[in-house]
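Enquirer: What follows is a structure written as structure tokens; I'll ask about it next.
Here, each number is a calculation from the coordinates, and none is a lab measurement. Not measured: the values here are computed from a predicted model. A quick note on method: Cβ atoms are made from the backbone with ideal geometry, for glycine too, and the neighbour counts reach across all protein chains shown.
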Amino acid sequence: MEIKNVVIVGMGTMGSQIGIVFARGGYQTTMVDLSEGLIEKGMEGIQSFLNNQVKKGKMRTDEMNQILSCMNTTLDLGKALSDVGLVIEAVFEDMNVKKGLFKKMDDLCPRQTILGSNTSTLSITEMGAVTARPDQCIGIHFLIPAALTPLVEVVRGSETSDDTHKKVIDLLHRCGKETVTVKDSPGFVINRLYLPMVNEAFYVLESSIASAEEIDRCCVQGLRFPLGPLAAADAFGLDVLLNCMKTFHKEMGEKYRPAPLLIKLVEAGWLGRKSGRGVYDYRGRE
Ligand SMILES: NC(=O)c1ccc[n+]([C@@H]2O[C@H](COP(=O)([O-])OP(=O)(O)OC[C@H]3O[C@@H](n4cnc5c(N)ncnc54)[C@H](O)[C@@H]3O)[C@@H](O)[C@H]2O)c1
């Protein structure tokens, strides 16, 4: 069956941006979150991102309106899933939360629906195992900011079928994305390489070897990164980073222990851009 519509569960940092990708690709896209307030916040983020794209001359107003016309939101997961080709969850990076949701999606979706996860580090195989369709479960790992980053990392669980894989790759290509397919393993490839380096930047900062600005400048001006590791950590959320490092540490050992400074900032509620304060202070900035 051809995929005609998409549901995104979770309208946080990632879910809202993933919604833009599919709506831009012309797919009817329904987004779900847990309260009216969270849905409103997600839609505000989408509107502000699109307005900025128009202001910068990177998108026409009629394109923006076309994208918005392909989007709708609901609190009713059951209704959203009753007739959907692909659902992607972008909820908290916690295996128990994801497994609970995969079980629910499996119960509520038509038999042919593909179940996707945007997890950064967790096992697709383990999520698929709680469903009656592990062959139709797959990792679709978008990178921040999902609406602009060209590549999507596609992750095959141990039971993901060739048919599921092909349908997802075709869909992503139709939405203008490049893809890379990798095996299921903690952090897959991109985060396995990148996040331990970001974690190391917190150790370097805590050891007073350099300031946050200098650490970021080393990577931006010296290594030509688009964003320094500490600014990037603030963008994806220190709580999300910490959960990812906890998975690495549990699955792959001591080398991946989360930096104490990262833990301290999360305990203080300094989660990065989304809370107004992380490594850097965003309060009072636009
Ligand atoms: N932040 C990043 O840079 C990034 C990058 C790639 C992948 N990811 C992954 O994407 C996922 C989401 O991360 P995020 O940064 O968007 O998190 P976030 O905390 O910004 O957003 C999560 C959203 O999911 C909603 N939610 C939670 N449970 C729900 C449920 N049962 N039904 C509906 N909505 C629910 C929350 O209310 C929240 O709005 C995680 O698995 C994360 O690892 C994050």
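Enquirer: Helix 238-252 against the longest principal axis of the chain: what's the angle in degrees, Cα atoms only, rounded to the nearest 10?
Expert: That works out to roughly 90 degrees.
Enquirer: Hey, another quick one. Kirkwood Rh over alpha-carbon pairs of the chain, then Stokes-Einstein at 25 °C and 0.890 mPa s: what D in µm² s⁻¹, rounded to an integer?
Expert: D, rounded to a whole number, is 126 µm²/s.
Enquirer: Distance between Cα centroids, the stretch 1-79 to the stretch 149-214: provide it in whole Å.
Expert: So the two Cα centres are separated by 22 Å.
Enquirer: Karplus couplings for the stretch 140-157 from phi (6.51 cos²θ - 1.76 cosθ + 1.60, θ = phi - 60°), rounded to Hz, Gly and Pro as x?
Expert: Once rounded to whole Hz, the list reads 10, 9, 7, 10, 6, x, 4, 6, 10, 6, x, 9, 10, 8, 9, 10, 8, x.
Enquirer: Which value in nm describes the separation of the simple spin-label points at Val54 and Cys218, placed 7 Å from the Cα toward the beta carbon?
Expert: 4.3
Enquirer: Applying the Karplus parametrisation 6.51 cos²θ - 1.76 cosθ + 1.60 with θ = phi - 60° to the phi angles of the stretch 38-43, what ³J(HN,Hα) value in whole Hz is obtained for each residue in order, glycine and proline being reported as x?
Expert: So the Karplus estimates, Gly and Pro as x, are 5, 5, 4, 4, x, 5 Hz.
Enquirer: Now for a different question. Roughly what % of DSSP beta bridges within the chain run antiparallel, to the nearest 5?
Expert: Within the chain, antiparallel bridges account for around 20 percent of the total.
Enquirer: What relative contact order, as a whole-number percentage, does the stretch 5-183 give when Cα pairs under 8 Å and 6 or more residues apart are counted?
Expert: 20
Enquirer: Still on this model: For the stretch 5-183, with the dipole built from +1 on Lys and Arg beta-carbon atoms and -1 on Asp and Glu ones, taken about the Cα centre, which of Ser123, Tyr27, Gly12 lies farthest toward the positive end?
Expert: Ranked along the dipole, the leading option is Tyr27.
Enquirer: Give a residue-ordered list of calculated ³J(HN,Hα) values for the stretch 46-62 (Karplus: 6.51 cos²θ - 1.76 cosθ + 1.60, θ = phi - 60°; whole Hz; x for Gly, Pro).
Expert: Residue by residue, the stretch 46-62 yields 5, 4, 5, 4, 5, 4, 5, 4, 5, 4, 7, x, 8, 8, 7, 4, 5 Hz.
Enquirer: May I pose another question? Relative contact order for the stretch 192-275 using alpha-carbon pairs under 8 Å, separation at least 6, rounded to a whole percent?
Expert: The value is 32 percent.
Enquirer: For the chain, take the longest principal axis of its alpha carbons; what is the angle in degrees between that and the long axis of helix 162-174, to the nearest 10 within 0 to 90?
Expert: 70
Enquirer: State to the nearest 20 debye the size of the charge dipole of the chain about its Cα centre, where the only charges are +1 on K and R beta carbons and -1 on D and E beta carbons.
Expert: About 360 debye.
Enquirer: Sort out the exposed loop trypsin sites (Lys or Arg not before Pro) in the chain (DSSP loop, at most 16 other Cβ within 10 Å) and tell me the longest stretch that has none.
Expert: Segment 112-223 is the longest.
Enquirer: In Å, the Kirkwood hydrodynamic radius of the stretch 43-199 over pairs of distinct alpha carbons?
Expert: Roughly 16.8 Å, rounded to one decimal.
Enquirer: Run the numbers for Asp162 and Asn96: contour at 0.36 nm per residue of separation, minus the present Cα-Cα distance, in nm.
Expert: Additional length available on full extension: 21.1 nm.
Enquirer: Moving to a separate point now. By the gyration tensor of its Cα atoms, with a ≥ b ≥ c the square roots of the eigenvalues, what is the shape of the stretch 192-275: rounded for a/c under 1.5, prolate for a/b over b/c, or oblate?
Expert: The shape class here is prolate.
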